[in-house]
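Step one of this worksheet: look at the structure below.
The values are calculated or read from the model by the stated rules, or taken from the named source; none is laboratory data. In this text the structure is predicted, and so the values were computed from the model without any measurement. Neighbour counts run over all protein chains shown; Cβ positions are idealised from the backbone, glycine included. Just the protein is used for accessible areas: all its heavy atoms, side chains included, with ligands, DNA and RNA removed. Shrake-Rupley method; radii C 1.70, N 1.55, O 1.52, S 1.80 Å.
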Amino acid sequence: MAKIAPISGFPEWLPAGRIIEQRMIDLLRETFELHGFSGIETRAVEPVERLLAKGETSKEIYLLRRLQDEAGADSELGLHFDLTVPLARYVLENSGHLDFPFRRYQIQKVWRGERPQDGRFREFLQADVDVVGQDTLAFHHEIELPLVMVDALSRLPIPRVTIQASNRKVAQGFYEAIGIEDVDETLRIMDKLDKAGPTVVATMLADGVGATSDQARLALELADISGNDAGVADRILALGYRSDLLDEGLEELVALVEGANELIPGSLTADLRIARGLDYYTGSVYESTLEGHEDLGSVCSGGRYDSLVSDGRKTYPGVGLSIGVSRILARVIGQDLVTPSRKVPTTVLVAVNDEAERRHAEKTAQSLRQRGISAEVSPSSAKFGKQIRYADRRGIPYVWFSMDEGEQVKDIRSGQQVAAEPSTWVPPHADLTPELVLEGRS
């Protein structure tokens, strides 16, 4: 048989990696629901014109040719590349059945036809939370949402995540105050600061938006400001420029930073370097990185948008964040930062004395499963030593034996073997399911 060539950008985890992925999904879901968010799942395809309306290029969208033919020539379909476009359509179609503000979470695969690289895939898992209002949405949700993510990410066995925040109104108000007219292009250029450096960005500002050397200098000075209290606003105002929009943005940014850190100290820092996505968002915007793994880029981002969608009569503003679950998994699995306590879910291997007694072993396993204890029956009736080694290779902590003197269970890690009954025996809680261990964390 010819060797199968892998397709890059479509991650497939081994069983141990899949345990890590599933456990992280469970932790995220549990946390989102703890904060009162309802789970939804949307279809994988959307009309291409709707996908393109967000400004993505057609080469990033995977087209479904057969579905296109079945749906008709006027309905070209593509796989969704994020969960925001499907959310907008879902809200519009179901607004009459939803309670606003609508609190939704969504953990689902998305597809994007970009060049695969470290932490970037063509098929990947995202976890989104959003609060969507009808016509209005209170500012306090801009404080709430990043704290939901802080809580969710802190429950995962991953390096600490720091969240940085900025505000579209601050950037736009400042750029307009210093005389730059093309705000959107300026933001796109400033987004390249980390990779290109200040000298290159200054040249790009001059060429791209006609910025003078003083305007470029001021834009770079703004981007260099960060902090976790009201002093951020003082440093921005010290640059010597004011506008109504800038003042409004500063008030919101200070309220966000101080409000978030009052509830969870050290949870959020203002960072005016953040520019990505600001042309889409209308208020607060957020990014985050794994401490010690900043090279991976942002693992959780989002912000406030005042027009998610409109039906001509009502608008639906919202605020939301998205976790790049696959990006995080690729790093923690690829570098063995997180490992499961065992690579299979099985807690107990039920040994088989000989094939004539397999039915008894199956009944024992069934009794254990009925009480929520994962059990499997040994695939062979080899000598007990071989069956124990089979369990050990897979990380199964217990082996169950039917002996002449009665039923017994052995903890193969300690060697302790005790009498037990399938209808009553329970392992320690830590052994019921595989636990995730972060390297360096006890």
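Numerical summary
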item	result
Accessible area of the chain belonging to carbon and sulfur atoms, whole % at 1.4 Å probe	48 percent
Among 294, 421, 176: highest mean-square fluctuation, GNM of the chain, C-alpha pairs under 10 Å	421
DSSP-defined beta bridges in the range 297-436 - what % are antiparallel, rounded to 5	75 percent
In nm, spacing of pseudo-spin labels at residue 192 and residue 75 (7 Å Cα→C-beta vector)	4.1 nm
Pair residue 213, residue 426: separation of 7 Å Cα→Cβ label points (nm)	7.5 nm
Amide N proximity, the range 134-178 versus residue 100 label position 7 Å along Cα-to-Cβ, cut-off under 14 Å	134-138
Antiparallel content of DSSP bridges confined to the chain, in %, to 5	85 percent
Per residue, in Å², the accessible surface of the range 156-233 once ligands and nucleic acids are set aside, probe 1.4 Å	43 Å²
Farthest toward positive dipole pole in the range 140-259 [+1 Lys/Arg, -1 Asp/Glu at C-beta], among 243, 201, 212	201
Residues of the range 357-442: accessible area per residue with a 1.4 Å probe, Å²	61 Å²
Among [x] 90, 55, 49; [y] 67, 59, 53; [z] 74, 63, 38, the entry derived from the coordinates for Cα extents along the principal axes in Å	[x]
Ellipticity estimate at 222 nm from DSSP helix runs (n ≥ 4, -39,500 (n - 2.57)) divided over the chain, nearest 500	-11000 deg cm²/dmol
Within the chain: Cβ-based charge dipole about Cα centre, in debye rounded to nearest 20 (Lys, Arg +1; Asp, Glu -1)	2020 debye
Rounded to the nearest 10 Å², the accessible area of residue 429 at probe 1.4 Å	150 Å²
Point-to-point label distance, residue 336-residue 14, nm (Cα→Cβ direction, 7 Å offset)	1.0 nm
Dipole magnitude of the range 296-346 about its Cα centre (Cβ charges: Lys, Arg +1; Asp, Glu -1), debye to nearest 20	120 debye
Residue 271 accessible area, 1.4 Å probe, all protein chains in place, Å² to nearest 10	40 Å²
Sites residue 380 and residue 291, calculated FRET efficiency, Cβ-Cβ separation with R0 35 Å, nearest 0.05	0.15
Degrees separating the helix 244-263 axis from the principal Cα axis of the chain, which is the longest one	30 degrees
